[in-house]
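Enquirer: First the structure, then my questions, so here it is.
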Amino acid sequence: MIDIQTSLRKSTTQVEGLKRDIHRSKLTDKEINTIDENTPMFISVGRMFVLNKKSDVREQIENKIKLCENDIKKQEGTKSYLEKQLRECESQFKEKFSVGGGKTSRSS
C-alpha cells in the first residue's frame with residue numbers, strides 16, 4: 001500500500017513538472033513570435049549553442065509541447081490505475097480488520 005502511495009505521489013509530481021514545461025514552452029513561443037524573422041536564434045545542445053532559423057526553433061518548441069502532452073496522458077493513465085489499486089488495497093485492508101476484529105473472544 002505504501003508503494004502504491006509513493007508511486008501515486010511520484011506520478012502526480014511528474015504531471016505537475018510536465019505542465020510547467022508546457023507553460024514555459026508556450027511563453028517562450030509567444031515571445032519568439034514577437035521577434036523579427038531575420039533575427040539569429042540559438043538553441044542549446046548540451047554545452048553548446050546552435051544557430052537556427054526562427055521556424056526551426058518554433059517547430060522544436062511545438063514538438064516539445066506535443067511530447068509533454070503525450071507524457072501527461074500516459075501519466076494520467078498510470079495515476080488512475082494506481083488510484084484504483086489503492087482503493088482496492090484499502091478495501092481489502094478494511095475488510096480483513098473489520099471481519100477479524102469483532103469475532104475474537106477470550107475463553108477463561
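Enquirer: Sort 57-65, 27-35 by the packing proxy (mean of other Cβ within 10 Å over each peptide's residues), most packed first.
Expert: My ranking of the peptides, most packed first, is 57-65, 27-35.
Enquirer: Please list 3J(HN,Hα) in residue order for the range 65-73, calculated via the Karplus relation 6.51 cos²θ - 1.76 cosθ + 1.60 where θ = phi - 60°; whole Hz, with x for glycine and proline.
Expert: My calculation for the range 65-73 gives 4, 4, 4, 5, 5, 5, 5, 5, 4 Hz in order.
Enquirer: Taking the Cα atoms only, what angle lies between the long axis of helix 2-33 and the longest principal axis of the chain, rounded to 10 degrees?
Expert: Approximately 20 degrees, to the nearest ten.
Enquirer: Oh, and also: Please compute, for the alpha-carbon atoms of the range 1-73, the extent along each of the three principal axes and give them in descending order in Å.
Expert: Result for the range 1-73: principal-axis Cα extents of 57, 25, 15 Å.
Enquirer: In addition: When 1/r is averaged over all different Cα pairs and the result inverted, which Kirkwood radius in Å belongs to the range 53-92?
Expert: So the Kirkwood estimate lands at 12.3 Å.
Each reported figure results from applying straightforward, stated rules to the coordinates on display, with no laboratory input. Predicted model only: the values in this text are computed from it and were never measured. Here the Cβ is made from the backbone with ideal geometry for all residues, glycine too, and neighbour counts use every protein chain on show.
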